[in-house]
Amino acid sequence: MHNNQMLNTLDEQLREKVLTFLEREIAEANIPGAAISISRNSQTIVKESIGSRTLHPAPQPAEEATIYDLASLTKVVATLPAILKLLGEGAFHLKDRVSYFLPRFGENEKEEVRIQHLLTHTSGLAAHRRFYLEKISKEQIIERICNETLVEEPGKRVIYSDLGFILLAKIIEEISQQSFASFVDEYIFKPLDMKETGFNLPFPKERFAATTYSDELRDFKYGMVHDDNAEAMGGVSGHAGLFSTLNDLMKFASMIENEGVYNRKRILSNSVLELARKNFTPYDQEGRGLGWQLQSEGTLASGDLLSPYAYGHTGYTGTSIWFDPQLNITVILLTNRVHAKNQNGILRLRPRLHNFIHSYLSSKGVREQ
């Protein structure tokens, strides 16, 4: 058998195994449906949609064009590339004080918090605040964060904080003098031909995967951000709010895999992408790069078998993206698990999925390049 034929057979076998795996998760009500892509050596070997985008009033199929609420993938698909672009252009450096761009933030002994701290979740800011309960505006939310008192000394430990990424989007606006949404659209999404990615997308309800039920809407949310703070901020934030399709995220992943180049266009410099993958938290069980979560002792979602160089991120709605540059494997998983009966099933699903994909490819002779 020729090498290409053998690889095609392996790809088909992997596809069948992935579908069987996901069908079982759907049957156990851990997810309603999913879209998944697996690439090896920058070539797509599996790309599938399965299950339902909504279960009410009757199941409707998840399709290739289904749009998912990315939740915290917003942090690495929108906020991080925007920040890295500005970093590469000399607009700031990582050790810049946050208060240089947002003077009010320096209050309450926060003068030593740097941009690096926000990006690595080591600022000492609280993980979360329920600002949405106060019915306040986006600018008022930012003011509240600027008035915060730190819960930990900057640089001491990882506290995964939405608050830090809300501030990063504001810093992007201060530097660029344009809205966060328009900046990422102009400099990231449009050059990547990501035409179905953005905040508050104007597509019909039928294009979206459903999330949770809204008493206010008397319906499930379709295309309205699931995250309450992001909704309170008009659907646009640095920590959540982004919607996208599998096809568009594959374009983003291709740019990352190709060291910042997409379709012969330079989107980001390879030096800033390399810096983002560096471990800035060697003292902590949870490895953190700039934005990215790194494969480490404290990492759950990536599984047990990805290489020590793997990095990625997850989203609360049931989304994830993981890169393993040593093995040249990328896995994108989009689900709407918050619409499922067993909403916490995703916590076991992700690591087991990554384990069996890695194990299958390595056992079939697909190794590091």
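Per-residue accessible area (protein heavy atoms, 1.4 Å probe) orders Asp304, Asp69, Asp227 as Asp304, Asp227, Asp69, starting from the largest. Residues in segment 278-329 average 38 Å² of solvent-accessible surface per residue, probe 1.4 Å, ligands and nucleic acids excluded. Under the convention that each Lys and Arg Cβ holds +1 and each Asp and Glu Cβ holds -1, the size of the dipole of the chain around its Cα centre is about 480 debye. Computed about the Cα centre, the dipole magnitude for segment 257-369 is approximately 420 debye when only Lys and Arg (+1) and Asp and Glu (-1) carry charge, each at its Cβ. The 1.4 Å probe gives accessible areas that order Thr20, Thr54, largest first, as Thr20, Thr54. Placing +1 on the Cβ of every Lys and Arg and -1 on the Cβ of every Asp and Glu, with no other charges, gives segment 129-215 a dipole of roughly 200 debye about its Cα centre. Annotation for segment 138-199: trypsin sites (Lys or Arg not before Pro) lying in DSSP loop with at most 16 further Cβ atoms inside 10 Å of their Cβ are Lys156, Arg157, Lys195. Pairs over the 19 Å Cα-Cα cut-off, from the set Lys85/Lys138; Lys170/Lys278; Lys95/Lys170; Lys85/Lys278; Lys170/Lys265: Lys85/Lys138; Lys170/Lys278; Lys170/Lys265. For a straight C-alpha distance cut-off of 29 angstrom, the lysines reachable from Lys341 (same-chain residues fewer than eight places away being disregarded) are Lys17, Lys47, Lys75, Lys205, Lys221. With all protein chains kept in place, the per residue accessible area of segment 1-159 amounts to 46 square angstrom at a probe of 1.4 angstrom. What residue among His121, Gly260, Pro57 has its Cα farthest toward the positive end of the dipole of the chain, where the charges are +1 on Lys, Arg and -1 on Asp, Glu, each on the Cβ? Of His121, Gly260, Pro57, it is Gly260.
Of Pro81, Ala91, Asn147, whose Cα points farthest to the positive end of the dipole of segment 76-184 (charges on the beta-carbon: +1 Lys, Arg; -1 Asp, Glu; origin at the Cα centre)? The residue sitting most towards the positive pole is Pro81. Label 7 Å along Cα→Cβ of Tyr360; segment 47-79 residues with amide nitrogen under 16 Å? Backbone N within reach: 47-51. Rounded to the nearest 500, the helix-only mean residue ellipticity at 222 nm of the chain stands at -9000 deg cm²/dmol, with each DSSP H run of n ≥ 4 adding -39,500 (n - 2.57).
The values are calculated or read from the model by the stated rules, or taken from the named source; none is laboratory data. Just so you know, these numbers come straight off a predicted model, no measurement behind them. FYI the Cβ positions are ideal-geometry reconstructions off the backbone, even for glycines, and counts take in every protein chain you see. With ligands, DNA and RNA removed, areas are computed over all heavy atoms of the protein, side chains included. Shrake-Rupley method; radii C 1.70, N 1.55, O 1.52, S 1.80 Å.
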